[in-house]
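To keep things clear, I will list the structure first and then write my remarks on it.
The values are calculated or read from the model by the stated rules, or taken from the named source; none is laboratory data. Model, not experiment: these values are computed from the prediction. For neighbour counting, all protein chains shown are included, and Cβ atoms are generated from backbone atoms with ideal geometry for every residue, glycine included.
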Amino acid sequence: MKSSLEILPAREATLSEVLDRILDKGVVISGDLILSVADIDLVYCGLRLVICSVDKLGEMTGVNTTEPTNQPRP
Amino acid sequence: MTEPPTRLIYLFCLCPSEEVGSVPAAEAGWPVEWVAHEGLMAAIARIPPTSFDVSEQPSAQELSGLAQKALWHDQQIQQLSAQGLTVLPSRMGTLFRSEESLRQLLAGQQEAFGQVLQFLKGRLEFGCKVYMEEPLFQESLQAHPAFAPLNAEMETASPGKLYLLRKKKEQEMKRLQDQLLEQVLQEAATEIIGPAVAWKQGKLHGEQLTGNPLPMVLNLSLLVERQQQAEWQQSVEQAAERLAAQGLHLVLSGPWPPYHFTQIPEPETSTPEA
(Lines give C-alpha, C1' and ligand atoms only; values in the text may rest on other atoms or scores of the structure.)
Protein backbone atom coordinates (compact mmCIF):
# COMPACT_ATOMS: atom_id res chain seq x y z
CA MET A 1 0.00 0.00 0.00
CA LYS A 2 1.29 3.46 -0.86
CA SER A 3 2.14 5.50 2.23
CA SER A 4 0.32 8.79 2.75
CA LEU A 5 3.50 10.30 4.11
CA GLU A 6 5.82 12.04 1.68
CA ILE A 7 9.41 12.00 2.94
CA LEU A 8 11.88 14.51 1.59
CA PRO A 9 15.51 13.81 2.53
CA ALA A 10 17.32 17.01 3.49
CA ARG A 11 20.00 16.47 0.83
CA GLU A 12 17.30 16.53 -1.86
CA ALA A 13 15.45 19.52 -0.44
CA THR A 14 14.51 22.43 -2.64
CA LEU A 15 15.94 25.89 -2.23
CA SER A 16 12.70 27.09 -0.68
CA GLU A 17 12.83 24.33 1.93
CA VAL A 18 16.44 25.18 2.74
CA LEU A 19 15.61 28.88 3.03
CA ASP A 20 12.71 28.12 5.32
CA ARG A 21 15.06 26.21 7.57
CA ILE A 22 18.06 28.48 7.67
CA LEU A 23 16.96 32.08 7.22
CA ASP A 24 16.87 33.86 10.50
CA LYS A 25 17.81 30.60 12.26
CA GLY A 26 20.98 29.36 13.88
CA VAL A 27 22.81 30.70 16.84
CA VAL A 28 23.36 34.45 16.77
CA ILE A 29 26.92 35.10 17.66
CA SER A 30 28.01 38.56 18.53
CA GLY A 31 31.55 39.63 18.97
CA ASP A 32 34.22 41.33 16.98
CA LEU A 33 32.54 40.76 13.67
CA ILE A 34 32.89 42.30 10.33
CA LEU A 35 29.19 42.16 10.11
CA SER A 36 27.15 42.23 7.11
CA VAL A 37 23.75 43.62 7.40
CA ALA A 38 21.40 42.94 4.63
CA ASP A 39 17.70 43.30 4.91
CA ILE A 40 16.48 41.93 1.68
CA ASP A 41 13.27 40.73 0.21
CA LEU A 42 14.05 37.59 -1.68
CA VAL A 43 11.74 38.33 -4.54
CA TYR A 44 10.94 34.78 -5.40
CA CYS A 45 10.16 33.60 -1.92
CA GLY A 46 8.86 36.57 0.01
CA LEU A 47 11.04 35.72 2.99
CA ARG A 48 13.17 38.34 4.57
CA LEU A 49 16.79 37.46 4.63
CA VAL A 50 18.48 38.99 7.58
CA ILE A 51 22.15 38.39 7.55
CA CYS A 52 24.09 38.72 10.72
CA SER A 53 25.30 42.07 11.77
CA VAL A 54 27.60 44.30 13.69
CA ASP A 55 29.67 47.33 12.88
CA LYS A 56 31.98 48.40 10.13
CA LEU A 57 30.24 46.97 7.15
CA GLY A 58 29.30 50.44 6.10
CA GLU A 59 32.67 50.79 4.49
CA MET A 60 32.23 47.53 2.64
CA THR A 61 28.78 47.87 1.16
CA GLY A 62 27.88 48.41 -2.44
CA VAL A 63 30.38 45.98 -3.87
CA ASN A 64 29.37 43.16 -6.11
CA THR A 65 28.78 39.83 -4.48
CA THR A 66 31.45 37.29 -5.18
CA GLU A 67 31.17 33.58 -4.77
CA PRO A 68 32.54 31.89 -1.69
CA THR A 69 35.82 30.19 -2.37
CA ASN A 70 34.63 26.86 -1.14
CA GLN A 71 31.73 26.20 -3.46
CA PRO A 72 30.46 22.66 -2.96
CA ARG A 73 28.37 22.66 -6.11
CA PRO A 74 29.72 23.53 -9.54
CA MET B 1 43.89 53.17 9.77
CA THR B 2 43.88 49.37 9.74
CA GLU B 3 43.99 47.69 6.35
CA PRO B 4 40.84 45.69 5.63
CA PRO B 5 41.50 41.94 5.65
CA THR B 6 41.81 40.16 2.31
CA ARG B 7 39.90 37.16 3.63
CA LEU B 8 37.21 36.90 6.28
CA ILE B 9 36.42 33.90 8.43
CA TYR B 10 32.97 32.52 7.67
CA LEU B 11 31.57 30.46 10.53
CA PHE B 12 29.28 27.55 9.67
CA CYS B 13 28.87 25.87 13.02
CA LEU B 14 30.52 24.71 16.20
CA CYS B 15 31.23 21.08 17.09
CA PRO B 16 32.63 19.35 20.17
CA SER B 17 36.39 18.81 19.86
CA GLU B 18 36.23 15.20 21.01
CA GLU B 19 33.91 14.27 18.13
CA VAL B 20 35.95 15.99 15.44
CA GLY B 21 39.13 14.54 16.82
CA SER B 22 37.77 11.02 16.90
CA VAL B 23 37.81 10.67 13.11
CA PRO B 24 41.21 10.63 11.39
CA ALA B 25 41.52 13.71 9.19
CA ALA B 26 42.50 11.71 6.13
CA GLU B 27 39.41 9.52 6.37
CA ALA B 28 37.04 12.24 7.48
CA GLY B 29 37.33 14.35 4.34
CA TRP B 30 35.97 17.37 6.16
CA PRO B 31 34.50 19.92 3.77
CA VAL B 32 35.65 22.76 6.02
CA GLU B 33 38.65 24.12 7.89
CA TRP B 34 38.69 23.97 11.67
CA VAL B 35 39.61 26.54 14.28
CA ALA B 36 40.06 24.94 17.67
CA HIS B 37 39.48 26.50 21.06
CA GLU B 38 39.55 24.36 24.17
CA GLY B 39 36.59 21.95 23.88
CA LEU B 40 35.16 23.55 20.74
CA MET B 41 35.91 23.27 17.05
CA ALA B 42 34.63 26.00 14.74
CA ALA B 43 33.93 24.90 11.17
CA ILE B 44 34.97 27.76 8.91
CA ALA B 45 35.80 28.87 5.38
CA ARG B 46 37.96 31.79 4.30
CA ILE B 47 36.07 34.01 1.93
CA PRO B 48 36.57 37.35 0.16
CA PRO B 49 35.35 40.33 2.23
CA THR B 50 32.75 41.26 -0.35
CA SER B 51 31.11 37.85 -0.50
CA PHE B 52 27.98 38.91 1.34
CA ASP B 53 27.68 42.46 0.13
CA VAL B 54 24.51 43.43 -1.64
CA SER B 55 23.07 46.69 -2.92
CA GLU B 56 20.22 48.41 -1.16
CA GLN B 57 18.06 47.37 -4.09
CA PRO B 58 19.57 43.97 -4.82
CA SER B 59 19.62 42.82 -8.41
CA ALA B 60 18.31 39.41 -9.44
CA GLN B 61 21.93 38.33 -9.82
CA GLU B 62 22.74 39.38 -6.25
CA LEU B 63 19.70 37.57 -4.92
CA SER B 64 20.62 34.50 -6.87
CA GLY B 65 24.14 34.75 -5.41
CA LEU B 66 22.68 34.91 -1.89
CA ALA B 67 20.48 31.92 -2.59
CA GLN B 68 23.57 29.98 -3.67
CA LYS B 69 25.27 30.99 -0.45
CA ALA B 70 22.29 29.75 1.52
CA LEU B 71 22.70 26.36 -0.16
CA TRP B 72 26.44 26.47 0.42
CA HIS B 73 25.93 27.27 4.12
CA ASP B 74 23.42 24.45 4.51
CA GLN B 75 25.41 21.91 2.52
CA GLN B 76 28.59 22.27 4.58
CA ILE B 77 26.69 21.91 7.85
CA GLN B 78 24.68 18.99 6.50
CA GLN B 79 27.86 17.19 5.46
CA LEU B 80 29.29 17.53 8.95
CA SER B 81 26.04 16.43 10.56
CA ALA B 82 25.79 13.47 8.17
CA GLN B 83 29.19 12.31 9.41
CA GLY B 84 27.71 11.95 12.85
CA LEU B 85 28.99 15.18 14.36
CA THR B 86 26.90 17.19 16.79
CA VAL B 87 26.61 20.62 15.15
CA LEU B 88 25.53 23.98 16.52
CA PRO B 89 24.75 25.98 13.34
CA SER B 90 25.52 29.67 13.35
CA ARG B 91 23.28 32.12 11.59
CA MET B 92 23.91 32.44 7.88
CA GLY B 93 26.34 35.26 7.17
CA THR B 94 28.34 35.16 10.42
CA LEU B 95 31.74 36.62 9.58
CA PHE B 96 34.87 37.34 11.57
CA ARG B 97 37.78 39.55 10.78
CA SER B 98 40.34 37.03 11.94
CA GLU B 99 40.86 33.71 13.69
CA GLU B 100 41.84 35.71 16.72
CA SER B 101 38.47 37.46 16.91
CA LEU B 102 36.71 34.12 16.50
CA ARG B 103 38.80 32.61 19.29
CA GLN B 104 37.98 35.55 21.54
CA LEU B 105 34.32 34.92 20.98
CA LEU B 106 34.68 31.21 21.69
CA ALA B 107 36.61 31.94 24.86
CA GLY B 108 33.83 34.26 26.09
CA GLN B 109 30.94 31.89 25.47
CA GLN B 110 32.58 28.52 25.61
CA GLU B 111 30.46 27.22 28.46
CA ALA B 112 27.14 28.28 26.92
CA PHE B 113 28.02 26.76 23.53
CA GLY B 114 29.18 23.58 25.23
CA GLN B 115 25.85 23.25 27.04
CA VAL B 116 23.85 23.65 23.83
CA LEU B 117 26.06 21.10 22.05
CA GLN B 118 25.48 18.70 24.92
CA PHE B 119 21.73 19.28 24.59
CA LEU B 120 21.86 18.61 20.82
CA LYS B 121 23.99 15.47 21.03
CA GLY B 122 22.27 12.49 19.42
CA ARG B 123 19.31 14.56 18.26
CA LEU B 124 18.06 15.44 14.78
CA GLU B 125 15.76 18.09 13.39
CA PHE B 126 12.82 17.25 11.13
CA GLY B 127 10.30 19.43 9.36
CA CYS B 128 6.60 18.56 9.07
CA LYS B 129 4.44 20.56 6.71
CA VAL B 130 0.76 19.94 6.05
CA TYR B 131 -1.00 21.11 2.88
CA MET B 132 -4.75 21.18 2.39
CA GLU B 133 -6.77 20.00 -0.58
CA GLU B 134 -9.77 22.13 0.25
CA PRO B 135 -12.44 20.29 -1.78
CA LEU B 136 -11.39 16.98 -0.22
CA PHE B 137 -11.32 18.49 3.25
CA GLN B 138 -14.82 19.91 2.77
CA GLU B 139 -15.99 16.54 1.51
CA SER B 140 -14.59 14.88 4.60
CA LEU B 141 -16.61 17.29 6.75
CA GLN B 142 -19.88 16.03 5.26
CA ALA B 143 -19.92 13.14 7.73
CA HIS B 144 -18.64 15.16 10.68
CA PRO B 145 -20.69 14.62 13.87
CA ALA B 146 -21.38 18.36 13.99
CA PHE B 147 -23.68 17.90 10.99
CA ALA B 148 -25.42 14.72 12.19
CA PRO B 149 -28.74 16.42 13.10
CA LEU B 150 -28.85 18.21 9.74
CA ASN B 151 -27.95 15.03 7.86
CA ALA B 152 -30.74 13.14 9.65
CA GLU B 153 -33.23 15.89 8.82
CA MET B 154 -32.16 15.86 5.16
CA GLU B 155 -32.82 12.14 4.85
CA THR B 156 -36.55 12.60 5.36
CA ALA B 157 -37.01 16.11 3.95
CA SER B 158 -39.21 16.96 0.97
CA PRO B 159 -37.39 18.18 -2.18
CA GLY B 160 -38.13 21.80 -1.39
CA LYS B 161 -36.99 21.58 2.19
CA LEU B 162 -33.99 19.49 1.14
CA TYR B 163 -32.79 22.39 -1.02
CA LEU B 164 -33.01 24.78 1.92
CA LEU B 165 -31.30 22.32 4.26
CA ARG B 166 -28.47 21.85 1.78
CA LYS B 167 -27.96 25.61 1.68
CA LYS B 168 -28.02 25.73 5.46
CA LYS B 169 -25.47 22.95 5.65
CA GLU B 170 -23.18 24.72 3.18
CA GLN B 171 -23.30 27.84 5.33
CA GLU B 172 -22.67 25.87 8.50
CA MET B 173 -19.75 24.08 6.90
CA LYS B 174 -18.26 27.39 5.81
CA ARG B 175 -18.71 28.74 9.31
CA LEU B 176 -17.22 25.71 11.02
CA GLN B 177 -14.50 24.85 8.49
CA ASP B 178 -11.71 26.87 10.09
CA GLN B 179 -12.65 25.70 13.56
CA LEU B 180 -12.75 22.05 12.49
CA LEU B 181 -9.50 22.38 10.56
CA GLU B 182 -7.83 23.79 13.64
CA GLN B 183 -9.17 20.90 15.70
CA VAL B 184 -7.92 18.31 13.18
CA LEU B 185 -4.51 19.95 13.01
CA GLN B 186 -4.22 20.22 16.75
CA GLU B 187 -4.88 16.49 17.12
CA ALA B 188 -2.36 15.71 14.37
CA ALA B 189 0.24 18.04 15.88
CA THR B 190 -0.12 16.33 19.26
CA GLU B 191 0.49 12.98 17.61
CA ILE B 192 3.41 14.25 15.50
CA ILE B 193 5.09 16.02 18.40
CA GLY B 194 4.68 12.88 20.51
CA PRO B 195 8.06 11.99 21.98
CA ALA B 196 9.96 14.88 20.35
CA VAL B 197 12.42 16.60 22.65
CA ALA B 198 11.37 20.06 21.44
CA TRP B 199 9.30 21.59 18.71
CA LYS B 200 8.56 24.92 17.09
CA GLN B 201 5.70 26.11 14.99
CA GLY B 202 6.83 27.97 11.87
CA LYS B 203 5.22 30.50 9.62
CA LEU B 204 2.84 29.34 6.93
CA HIS B 205 4.18 30.04 3.46
CA GLY B 206 2.28 30.58 0.23
CA GLU B 207 2.69 29.05 -3.18
CA GLN B 208 5.28 31.64 -4.16
CA LEU B 209 7.72 30.08 -1.74
CA THR B 210 6.62 26.48 -1.60
CA GLY B 211 5.83 26.00 -5.28
CA ASN B 212 2.87 23.97 -4.06
CA PRO B 213 -0.55 25.24 -5.22
CA LEU B 214 -2.13 23.76 -2.09
CA PRO B 215 -2.21 26.08 0.92
CA MET B 216 0.13 25.22 3.80
CA VAL B 217 -1.85 24.82 7.00
CA LEU B 218 0.78 23.55 9.43
CA ASN B 219 4.56 24.01 9.64
CA LEU B 220 6.36 22.27 12.49
CA SER B 221 10.04 21.77 13.25
CA LEU B 222 10.88 19.00 15.69
CA LEU B 223 13.95 17.84 17.51
CA VAL B 224 13.97 14.06 17.82
CA GLU B 225 16.32 11.59 19.50
CA ARG B 226 18.28 9.76 16.80
CA GLN B 227 17.54 6.48 18.58
CA GLN B 228 13.80 7.14 18.56
CA GLN B 229 13.67 8.21 14.92
CA ALA B 230 12.13 5.01 13.53
CA GLU B 231 9.48 4.80 16.25
CA TRP B 232 8.65 8.49 15.93
CA GLN B 233 8.45 8.25 12.15
CA GLN B 234 5.91 5.46 12.52
CA SER B 235 3.63 7.69 14.58
CA VAL B 236 4.04 10.44 11.97
CA GLU B 237 3.00 7.95 9.28
CA GLN B 238 -0.13 7.12 11.26
CA ALA B 239 -0.94 10.80 11.57
CA ALA B 240 -0.34 11.18 7.82
CA GLU B 241 -2.81 8.37 7.09
CA ARG B 242 -5.52 10.05 9.13
CA LEU B 243 -4.81 13.45 7.62
CA ALA B 244 -4.82 12.06 4.07
CA ALA B 245 -8.34 10.73 4.63
CA GLN B 246 -9.37 14.34 5.25
CA GLY B 247 -7.62 15.87 2.26
CA LEU B 248 -4.59 16.97 4.27
CA HIS B 249 -1.18 16.07 2.85
CA LEU B 250 1.77 15.73 5.23
CA VAL B 251 5.35 16.19 4.00
CA LEU B 252 8.20 15.20 6.30
CA SER B 253 11.68 16.56 5.59
CA GLY B 254 14.99 15.78 7.20
CA PRO B 255 17.02 14.93 9.05
CA TRP B 256 18.32 18.50 9.21
CA PRO B 257 21.03 20.12 11.27
CA PRO B 258 19.27 21.62 14.31
CA TYR B 259 18.74 25.09 12.81
CA HIS B 260 15.65 25.75 14.93
CA PHE B 261 17.14 24.52 18.19
CA THR B 262 20.25 26.50 18.87
CA GLN B 263 19.12 27.38 22.37
CA ILE B 264 18.16 25.01 25.13
CA PRO B 265 14.39 25.40 25.36
CA GLU B 266 12.51 25.75 28.59
CA PRO B 267 10.09 22.81 28.94
CA GLU B 268 7.07 24.93 28.10
CA THR B 269 8.60 27.33 25.59
CA SER B 270 8.10 25.38 22.40
CA THR B 271 5.96 28.12 21.00
CA PRO B 272 5.35 29.68 17.59
CA GLU B 273 8.30 31.48 16.02
CA ALA B 274 8.36 35.19 16.63
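Remarks
- Per the listing B:PRO159, B:PRO145, B:PRO149, B:PRO135, the residue uniquely in contact (Cβ under 8 Å) with a residue 60 or more places away in the chain and more than 26 Å from the chain's Cα centre (by Cα) is B:PRO135.
- Selected residue [farther than 19 Å from B:LEU136 by Cα and of a type in the set (Asp, Glu)] from B:GLU187, B:GLU182, B:GLU172, B:GLU231: B:GLU231
- Among the conditions (1) modelled with pLDDT of 90 or more; (2) more than 7 Å from every other protein chain (Cβ to nearest Cβ), the only one that B:PRO89 does not satisfy is (2).
- Hits in region B:90-100 (condition: touching a residue at least 60 places away in the same chain (Cβ under 8 Å) and outside any loop (DSSP other than H, G, I, E, B)): B:SER90, B:LEU95, B:PHE96, B:GLU99
- Qualifying residue in region B:127-139 (condition: among the hydrophobic types (A, V, I, L, M, F, W, C), over 30 Å from A:ARG11 (Cα atoms) and facing chain A (nearest Cβ under 10 Å)): no
- Residue selected from region B:101-147 under the condition among the basic types (Lys, Arg) and not in a strand (DSSP E or B), by the criterion farthest from B:GLN79 (Cα to Cα): B:ARG103
- Scan region B:187-219 for residues that are within 16 Å of B:GLU237 (Cα to Cα) and more than 14 Å from chain A (Cβ to nearest Cβ) and the total you get is 7.
- Of all the criteria given as (1) facing chain A (nearest Cβ under 9 Å); (2) modelled with pLDDT of 95 or more, the one not satisfied by B:THR262 is (2).
- B:LEU105 within 14 Å of chain A (Cβ to nearest Cβ) and free of Cβ contacts under 8 Å to residues at least 40 places away in the same chain: yes
- Every residue from region B:87-140 that is of a type in the set (Gly, Ala, Ser), within 30 Å of B:LEU185 (Cβ to Cβ) and surrounded by 15 or more Cβ atoms within 10 Å (Cβ to Cβ): B:GLY127, B:SER140
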